[in-house]
Amino acid sequence: MIKDFFNSLPQGVLQEIGGLSVEAPSKDCNKEINELLKRTVLLGGKRLRPLLTFLMGDLLNVKSESLRPYARAVELVHAASLSHDDVIDNAEMRRGVPSINILGSNKKAILAGDYLLADVIVDLTARGNLKLVSEMSSVIKDLAEGEWIQLEASQERNYDWNVIETIARKKTSSVMSYCCVAPAVLGEHSDDVVELCRDFGINLGLGFQLMDDALDFKTSSEKDLKTDLRNGIVNAVILSWFEKNPNLYTLYKEKKKSLESLDEKVAGEELNNAINDVEDLALEKLRKCKRILQDIGELLPSSENFRKALPTLETVIDFLAKRTL
């Protein structure tokens, strides 16, 4: 499915993604840190975030060469968050290879992630667009705050739909929103267009994360099953399942049952119904993305690039709705 999806993309965008350097950007980057990053969080990946940046650039008539530093920066910030996540989650593997905390150590993983974030800000500041430096700083703040909120919710066992969405907005939507805002700012579009692009990225991130939560429980998925549950994290599907099992939810909240102990109970028709509920929520967010694209088109001074680029972006939305990985 992924191969077919990428084959459907414009050749120019594929060349940009294939040629995008994801090494730490500054010339004086510490070599040992860079090597550890290249062997772990910078290795492989779908490059969905740079892809989104270039496709939004096509939609808004922004040349790809001006987008490259920002497409690279958003992927590097995403990689830095993975470096930190691997420590928080006590991960052992990522993308089929030992995780950064295993190849290095917890301390080196945290330091490498911090270094990467700082290096991105230094690089973007040197490029002179302070609006996009400020936007990226907000993304980094959101990533930290989202992880903090998730950790507190896990420790206090205090979840509701507002908490689930807030975590998704800060940990997933913030990054995707930057991918959409950067081309709008670089293209010097109106504030209304910039904010619609931000809204598009937020909803795309929410749809992506909700679908990811559903994939965590689907046997047709290429992901490992029940990863969040076994890591003690309540995602959207587990919360929906808890709502159908209030007695077990009470035992969990009162710390009389661990999430891991419910593994075998999270199954059957109730689980399927919870998955379907979350997929419906995801599809609602993705449908909203298509409506926002139409709103953006109405505000653009020229519709030629918009008409050419729109089908590909809609293909991305459809891919996220049907993905298995």
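Numbers for the structure displayed
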| item | result |
| --- | --- |
| Residue count, segment 226-253 (criterion: out of contact with any Lys or Arg (no Cβ under 8 Å at 6 or more places or on another chain) and farther than 18 Å from GLY146 by Cα) | 15 |
| LYS170 vs. criteria within 16 Å of HIS84 (Cβ to Cβ), modelled with pLDDT of 95 or more and out of contact with any helix residue (DSSP H, G or I) (no Cβ under 6 Å at 6 or more places or on another chain) | no |
| Of residues in segment 266-296 being touching a Leu at 6+ places or on another chain (Cβ under 7 Å) and not hydrophobic (A, V, I, L, M, F, W, C), the one nearest to ASN7 (Cα to Cα) | LYS285 |
| Unique residue being more than 16 Å from GLY201 (Cβ to Cβ) and touching a Leu at 6+ places or on another chain (Cβ under 9 Å) when the list is LEU124, LEU132 | LEU124 |
| Failed condition for LEU14, given (1) modelled with pLDDT under 90; (2) of a type in the set (A, V, I, L, M); (3) assigned to a helix (DSSP H, G or I); (4) in contact with a Leu (Cβ under 6 Å, 6 or more places away or on another chain) | (4) |
| Residue within segment 257-274 that is under 18 Å from GLU165 (Cβ atoms) and either in contact (Cβ under 8 Å) with a residue 24 or more places away in the chain or assigned to a helix (DSSP H, G or I) (or both) present | yes |
| Identity of the residue in segment 156-172, of a type in the set (Ser, Thr, Tyr) and surrounded by 20 or more Cβ atoms within 10 Å (Cβ to Cβ), that ends up nearest to VAL139 (Cα to Cα) | THR172 |
| Residue match in segment 181-199 (condition: within 14 Å of the chain's Cα centre (by Cα) and buried (at least 22 other Cβ atoms within 10 Å of the Cβ)) | no |
| Residues satisfying the stated conditions in segment 65-119, i.e. among the polar types (S, T, N, Q) and either surrounded by 15 or more Cβ atoms within 10 Å (Cβ to Cβ) or assigned to a helix (DSSP H, G or I) (or both) | SER66, SER81, SER83, SER99, ASN101, ASN106 |
| Qualifying residue in segment 150-158 (condition: touching a Lys or Arg at 6+ places or on another chain (Cβ under 7 Å), touching a residue at least 40 places away in the same chain (Cβ under 8 Å), basic (Lys, Arg) and not in a helix (DSSP H, G or I)) | yes |
| Residue under evaluation GLU260, criteria (1) more than 26 Å from the chain's Cα centre (by Cα); (2) modelled with pLDDT under 95; (3) farther than 26 Å from GLY205 by Cα, criterion not met | (1) |
| Residue count for segment 47-66, restricted to those that are under 17 Å from LEU124 (Cβ atoms) and under 19 Å from the mean Cα position of the chain (by Cα) | 4 |
| Any pair with Cβ under 6 angstrom, 6 or more apart, that starts in segment 166-182 at a residue that is on the phi < 0 side of the Ramachandran plot and ends at one that is hydroxyl-bearing (Ser, Thr, Tyr) | CYS179/THR53; ALA182/TYR70 |
| Qualifying residue in segment 275-288 (condition: aliphatic (A, V, I, L, M) and at pLDDT below 95) | no |
| Residues of segment 39-90 satisfying the condition of being of a type in the set (S, T, N, Q) and either closer than 17 Å to LEU204 by Cα or free of Cβ contacts under 8 Å to residues at least 24 places away in the same chain (or both) | THR53, ASN90 |
| Residues satisfying the stated conditions in segment 294-309, i.e. surrounded by fewer than 19 Cβ atoms within 10 Å (Cβ to Cβ) and assigned to a helix (DSSP H, G or I) | GLN294, ASP295, GLY297, GLU298, LEU299, GLU304, ASN305, ARG307, LYS308 |
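Condition check ((1) crowded, with 22+ Cβ neighbours inside 10 Å; (2) modelled with pLDDT under 95) across all residues:
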residue: SER174; (1), (2): yes, no
residue: LYS218; (1), (2): no, yes
residue: VAL237; (1), (2): yes, no
residue: LYS244; (1), (2): no, no
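The values are calculated or read from the model by the stated rules, or taken from the named source; none is laboratory data. Predicted model, so just to flag it, every value in this text is computed and none were measured. Backbone-built Cβ (ideal geometry, glycine too); neighbour counts: all protein chains shown.
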